[in-house]
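I have placed the structure first, in the form of structure tokens, so that the comments after it can refer back to it.
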Amino acid sequence: QVQLVESGGGLVQAGGSLILSCTASRNIFSFNDMGWFRQAPGKVRELVAIITSGGNTNYGDSVKGRFTISRDNAKNTVYLRMNSLKPDDTAVYYCSALVPLSRYWGQGTQVTVSS
């Protein structure tokens, strides 16, 4: 079992920045990947950003060039730096980890971008 705890969400004005953090309950070195997904009201959950154990990254098209994902294995933590935020970025952001054979999810953190 893996527990994921997110932090850093909140209310920000358009054009602003936020940093989300996700800390795992155990060593993330062996995780296949960790990352972030988001879900806005009435919409399906979508990929925001993923980082693999080898450090490769993948971003959703709508956040490329604005968001940056990184990981600190020593702290069992993944970060999502979000710049140039837009009202369309408003959603619940979920941390996720792919451990062999299972994908785990955090409880989610709300990000609200006001215009």
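Among what's in the range 99-110 and is modelled with pLDDT of 95 or more and surrounded by 14 or more Cβ atoms within 10 Å (Cβ to Cβ), pick the residue that is farthest from the chain's Cα centre (by Cα). Taking the candidates together, the pick is Tyr104.
Just to be sure, is Asn83 touching a residue at least 12 places away in the same chain (Cβ under 8 Å), out of contact with any Lys or Arg (no Cβ under 9 Å at 6 or more places or on another chain) and polar (S, T, N, Q)? Judged against the criteria, Asn83 is not a match. Taking the range 20-32 as the range and being hydrophobic (A, V, I, L, M, F, W, C) and surrounded by fewer than 14 Cβ atoms within 10 Å (Cβ to Cβ) as the test, only Phe29 passes.
Is it fair to say Gly55 is modelled with pLDDT under 95, open to solvent by 10 Å² or more (accessible area, probe 1.4 Å) and on the phi > 0 side of the Ramachandran plot? For Gly55, the condition - modelled with pLDDT under 95, open to solvent by 10 Å² or more (accessible area, probe 1.4 Å) and on the phi > 0 side of the Ramachandran plot - is met. Condition test on Val78, is it in a strand (DSSP E or B), over 11 Å from the mean Cα position of the chain (by Cα) and either modelled with pLDDT of 95 or more or not charged (D, E, K, R) (or both)? So Val78 does not fit the description; no.
Counting only residues that are free of Cβ contacts under 8 Å to residues at least 12 places away in the same chain and either open to solvent by less than 70 Å² (accessible area, probe 1.4 Å) or part of a helix (DSSP H, G or I) (or both), the range 63-75 holds 2 of them. Among the conditions (1) of a type in the set (Val, Ile, Thr); (2) over 19 Å from Gly15 (Cβ atoms); (3) open to solvent by 50 Å² or more (accessible area, probe 1.4 Å), Val78 misses just one, which is (3).
The values are calculated or read from the model by the stated rules, or taken from the named source; none is laboratory data. The structure displayed is predicted, hence computed values, not measured ones. Using ideal geometry, Cβ is built from the backbone for each residue, glycine included, and neighbour counts are taken over all protein chains shown. Each accessible area value is taken on the protein alone, full model and side chains, heavy atoms only, with ligands, DNA and RNA left out. Shrake-Rupley method; radii C 1.70, N 1.55, O 1.52, S 1.80 Å.
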